[in-house]
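Read through the structure below, which is laid out as structure tokens, and then see the notes.
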Amino acid sequence: MARYIFFRLLQAIPVLLGTTLLIYYMVFAMPGDPILALFGDKTPTAAQIEALREQYHLNEPFIMQYLRFLGGIFVGDLGTTYSGQPVISVLQSTFPVTLRLALLALIIETVFGIGLGLLSGLRKGGASDNIILAFSLLLISLPIFVIAFVLQYLLSFQLGIFRATVGEGAPWSDLMLPAIVLATASVAQIIRLARTSVIETAGQDFVRTAYGKGLSRGRVIPVHILRNSLIPVVTYIGTDLGVMMVGATVTEGIFNVPGVGRTLFQAIRQSEGPTVVSFVTVMVLLYLILNLLIDLLYAVLDPRIRYVK
Amino acid sequence: MKLNRFGVGAIALAASGALVLSGCSTNGGDNAGSGDNSGKAIITANGSEPENGLVPTNTNETGGGRIINSLFTGLVSYDAKGAPQLDVAKSITTEDSQHFTVVLNDDREFSNGEKVTAKSFVDAWNWAAQVSSKQNNQSFFEDIEGFNAEADSELTGLKVVSDTEFTITLNQPVSDFELRLGYSAYVPLPEGAIKDAAAFGEHPIGNGPYKLAGDKAWTHKENIKLVKNEKYKGPREAKNDGLTIVFYSDPTAAYADLRSNNLDVLDQIPSSDLAKFQDDLGKRAINQPAAIFQSFTIPERLEHFSGEEGKLRRAAISQAINRPQITKTIFSETRTPAHDFTSPVIPGYSADVEGSDVVNFNADKAKELWAQADAIKPWSGTFQIAYNADGGHQSWVDAVTNQLKNVLGIDASGAPVPVFSAFRQEVTSGNIQTAFRTGWQGDYPGLYNFLAPLYATGASSNDGKYSNPEVDALLKDGLAATNIDDANKKFQAAQTILFTDLPAIPLWYSTVNGGFSDKVDNVVFSWNSQPIYEGITKK
């Protein structure tokens, strides 16, 4: 097990190097001159442009810029934004916010997704199954910004339950509404996954055996059916957490969440190389770790899976 | 019905979950904003994260600009109409608009207690004018004797006479120099600011109506908190206790906050709400002209656009555009058709400068002029207008090119460039082979500022590389005039020539669209489209 984890982490190194190189190159190759954009519709003098290029090392060849960035990582210096802030402090202020938002969304989607999926799967073909199915179809078909605006209108403007946007310090209570929005799309997916999986498991021999042994529904459903149905669901939730950690640009914009998505979007628009690459590096790292965790969880859920290498 | 019940149940459950979570959170529950300030009149307003550190001479965008304006004040400041009023200066005198003597009020201090002296101005300006200081607003000092845009050189035109007096010598007479002095590039800096400008930009110390609310007042990408600067004694004294500027990346979020009373003042309405925000907000809606002029430029070097042929074609194009129709249908009256090259909020503006007929829609005349140009050399190709696709310009470019198609019977289309930075690169490189979108926002409320940087030969933002010695001479004469009225006459005469040459086709003036919550009063937007924060009172 430990060996397995070690090799998986070793694999992460070339993946990280490759992605940072690619991303850095893409930012480098983006059209336009970020220095000119800093001046809006005005045109700076040649001397000004030159001085600023030098300051941000933009006049160096690509590979030098990349090596400078890599070298900086080892001493904890990820460069600075155009507003003079160290990128590392931007990371420190945005990732926790997005993490909290993602966790909240994850709790909501897990609880409702698995709960409703189980209910739906156990009562296959019943009234509740059909209603839940219709409900999940509705959620899947709505674009996220529609859900966001409708919920914002209903829950904030009309009912006043939540603040319309996220306030200072991004308190949990303000993150609730964007988390619900983020969760809605995934809830529907989880319901459908869980339902199929539950139906399949419920028809298996060991479930019939369990009932035959005289076990109660209260024991068979959680221990025998649910646990064995969770593998596809856990895979989905894991990747979903990864997606949410990368930041929900649209949702963060609508609710003014000072998180990863919003910040990264602005950085891309301003061609802020160091910021973009640092963010993406952290994201790749998170993805790799999450995937590893999911793989390890399989073994916990299904006794037939063992990691021996 | 069942579906509904489920929905409500989910929300209730989720809400109770939130309460539990916030109860045990350690880092998220810091609601200092509402807790500490109870009973104090703190105004909240929208803004955006400054693109640079908060150094006045390095800030040239509105995100940082509105904060700089609140933290600093200059020799003069502007009233709501854009007229200069003495602020730090007790008097500014000149005989010839070239040699100025400035006497300061002797009771002015920075928020740290340091006195504002002649040296605070002279040192700050001298530093910002150097190339090595890398200040975005460097060009504002170009008229002061000794300035050199290419290399470091001392501003020999600045001389400290005493703590409260200094003199300014310019390279040539500049009739609107006193007017310019209200711009934020000309504010004083405390001692030590220029030694470590980066650190100063994080924790600026100013002499304006507000100061930072402590060391951690600026939460990057979230907000900045200012409180009233009790040491400020001038015409801009704050009538509230503080100002919190909340950074939004999306105006829809800001507008949502305004409507739910979480935000007091907003100066940007999301485009999706432009058509109905005046109904939504009623008397709390603001829609007034701004010092922003928009146009598109057809450079001389394009085929068919040089010499007499080019003149005729430009006039034809200008008269083929039905501006009122576009401002009404596309912009819901949040733009007003242009009648000149400046803006109606600028003192000295006139809607009927001689020659301004050329911006009125006249399809017959347009066709006639186009035919005359065809007689010189027949038209070929497609007329294209380049724009940056990330700025919401597509709709009006399409409308304008459609009108050109219909009226002139030519092929016309937009030429989008994906992002602003790439667009500016193409334009400034001087190789762009189409017409392109241009615009200007006034730095200070003077006609000259809308004309010289854009149309004088070799000027910094003369993107079309336009050159006409007559215009240059009139602009220069205007600057040399000893009073602003005479100067404005010259500037208007220069505009008359611009109307025949049309180096840019005037389109419209932007208006500022905003609103305020029902918790505040006395909200006035100034000439530069920003709310006058210091005058706002809380109910």
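How far apart, in nanometres, would the label points at B:Asp279 and B:Lys216 be if each is projected 7 angstrom from Cα along the Cα-to-Cβ direction? According to this spin-label approximation, the distance is 4.6 nm. Simple spin-label estimate for A:Arg306 and B:Ser306 gives 8.4 nm between the two label positions (7 Å along the Cα-to-Cβ direction from each Cα). The stretch between B:Gln85 and B:Asp398 holds 108.3 nm of extra length on full extension. This uses 0.36 nm per residue minus the Cα-Cα distance. The relative contact order of the range A:215-309, computed from alpha carbon pairs under 8 Å that lie at least 6 residues apart in sequence, is 30 percent.
Along its first, second and third principal axes, ordered by size, the range B:298-357 spans 34, 30, 18 Å in Cα coordinates. Positive end of the dipole of chain B, charges at C-beta (+1 Lys, Arg; -1 Asp, Glu), about the Cα centre: which of B:Gly113, B:Gln138, B:Ala459 has its Cα farthest in that direction? It is B:Gly113. Length gained on full extension, B:Lys233 to B:Lys405, computed as 0.36 nm times the residue gap minus the Cα-Cα distance: 56.1 nm.
Based on Cα contacts under 8 Å between residues 6+ apart, chain B shows a relative contact order of 19 percent. Overall shape of the range A:87-301 was characterised from the C-alpha gyration tensor. The equivalent ellipsoid obtained from it has semi-axes of 36, 22, 13 Å, in decreasing order.
Shape analysis of the range A:224-309 places it in the oblate category; the axes a ≥ b ≥ c from the Cα gyration tensor give an a/c of at least 1.5, with a/b not above b/c. In summary, the helical segments of chain B meeting the span-like criteria, namely a full DSSP H run, a Cα extent along the axis of 15 angstrom or more and a mean Kyte-Doolittle hydropathy of at least 1.0, are B:2-24. Reducing the range B:443-462 and the range A:127-158 to their Cα centroids gives an inter-centroid distance of 53 Å. Please give the helix A:172-202 orientation as an angle from the longest Cα principal axis of chain A, in degrees from 0 to 90, rounded to the nearest 10. The helix A:172-202 is inclined about 40 degrees to chain A.
Rolled with a 1.4 Å probe across the full set of protein chains, the surface gives B:Thr482 an accessible area near 100 Å².
Across the range B:120-173, Cα-Cα distances exceeding 12 Å account for 60% of all pairs.
For chain B, the share of accessible area belonging to carbon and sulfur comes to 49 percent (1.4 Å probe, ligands and nucleic acids excluded). The relative contact order of chain A, computed from alpha carbon pairs under 8 Å that lie at least 6 residues apart in sequence, is 27 percent. Buried surface for the B/A pair, taken as the accessible area of each chain alone minus that of the pair with a 1.4 Å probe, is close to 5200 Å² in total.
Against the main long axis of the alpha-carbon atoms of chain A, helix A:46-55 sits at an angle near 50°. Shape class of the range B:290-511 from the Cα gyration tensor (axes a ≥ b ≥ c, square roots of the eigenvalues): rounded, since a/c falls below 1.5. Counting Lys and Arg as +1 and Asp and Glu as -1 over every other residue whose Cβ lies under 9 Å from the Cβ of B:Ser77, the net charge comes to -1.
Volume per residue of the convex hull around the Cα atoms, evaluated for the range A:42-89, comes out as 78 Å³. Straight-line cross-link reach from B:Lys490 at under 14 Å between alpha-carbon atoms covers these aspartates and glutamates, not counting any fewer than eight positions away in the same chain: B:Asp176, B:Glu354, B:Glu470, B:Asp472, B:Asp477. Helical runs assigned H by DSSP (4 residues or longer) give chain A a calculated mean residue ellipticity at 222 nm of -23500 deg cm²/dmol, each run adding -39500 (n - 2.57) before division by the residue total. Build a GNM of chain A with springs between Cα atoms under 10 Å apart, and of A:Arg195, A:Arg219, A:Arg68 the one that fluctuates most is A:Arg219.
Rounded, prolate or oblate: which fits the protein assembly as shown when a ≥ b ≥ c are the square roots of the eigenvalues of the alpha-carbon gyration tensor, with rounded for a/c under 1.5 and prolate only if a/b beats b/c? Because a/c hits 1.5 or more and a/b exceeds b/c, the protein assembly as shown counts as prolate. Each of B:Ala351, B:Gly282, B:Thr329 was scored by the projection of its Cα onto the charge dipole of the range B:273-403, and the greatest displacement toward the positive side belongs to B:Gly282; charges sit on the C-beta of Lys, Arg, Asp and Glu.
Near B:Ser460, no amide H atom lies under 5 Å from its own; only residues 5 or more places off or on other chains count, and H is placed 1.01 Å from N. At full extension, A:Gln158 and A:Tyr4 could sit 50.1 nm farther apart than now, given 0.36 nm per residue minus the alpha carbon distance. Taking amide H as placed 1.01 Å from N in the peptide plane, the amide H of B:Val512 sits under 5 Å from that of B:Gln288, B:Ala290, each at least 5 places away or on another chain. Listed by chain and number, the lysines whose alpha-carbon sits under 30 Å from that of B:Lys134, ignoring those within fewer than 8 places in the same chain, are A:Lys42, B:Lys115, B:Lys119, B:Lys159, B:Lys195, B:Lys211, B:Lys216, B:Lys221, B:Lys225, B:Lys465, B:Lys476.
Counting only protein heavy atoms and a 1.4 Å probe, tell me what percentage of the range A:87-301's accessible area is made up of carbon and sulfur. The computed percentage sits at 69.
The Cα center of the range A:253-309 and the Cα center of the range B:124-193 differ in position by 49 Å. Output the 0 to 90 degree angle, nearest 10, between the alpha-carbon long axis of helix A:2-29 and the longest principal axis computed from the alpha carbons of chain A. It is inclined by approximately 40 degrees. Diagonalising the gyration tensor over the Cα atoms of the range A:32-126 and scaling each eigenvalue by 5 before taking the square root yields semi-axes of 48, 18, 13 Å, largest first. Note on the range B:154-272: Cα-Cα pairs beyond 18 Å make up 69% of the total pair count.
Considering the options A:Ile88, A:Thr275, A:Thr249, tell which one lies farthest towards the positive end of the dipole of the range A:87-301, charges being +1 on Lys and Arg and -1 on Asp and Glu at the Cβ, about the Cα centre. With unit charges placed on the Cβ atoms, the residue in question is A:Thr249. The rule of thumb for compact globular proteins, 2.2 N^0.38 Å, goes into the C-alpha radius of gyration of the range A:125-176 1.50 times. Per residue, chain B exposes an accessible area of 39 Å² to a 1.4 Å probe, with every protein chain left in place. Spatially close Lys pairs in the range B:274-393, defined by Cα atoms under 29 Å apart and a spacing of eight or more places or different chains, total 10.
Every Cα-Cα pair of chain B was included, and the share exceeding 40 Å stands at 30 percent. Between the amide H of B:Asp79 and those of B:Gln85, distances stay under 5 Å, these residues lying 5 or more places away or on another chain, with hydrogens modeled in the peptide plane.
The values are calculated or read from the model by the stated rules, or taken from the named source; none is laboratory data. Since we're looking at a predicted model, the values are computed, not measured. Neighbour counts run over all protein chains shown; Cβ positions are idealised from the backbone, glycine included. Heavy atoms of the whole protein, side chains included, go into the accessibility calculation; ligands, DNA and RNA do not. Shrake-Rupley method; radii C 1.70, N 1.55, O 1.52, S 1.80 Å.
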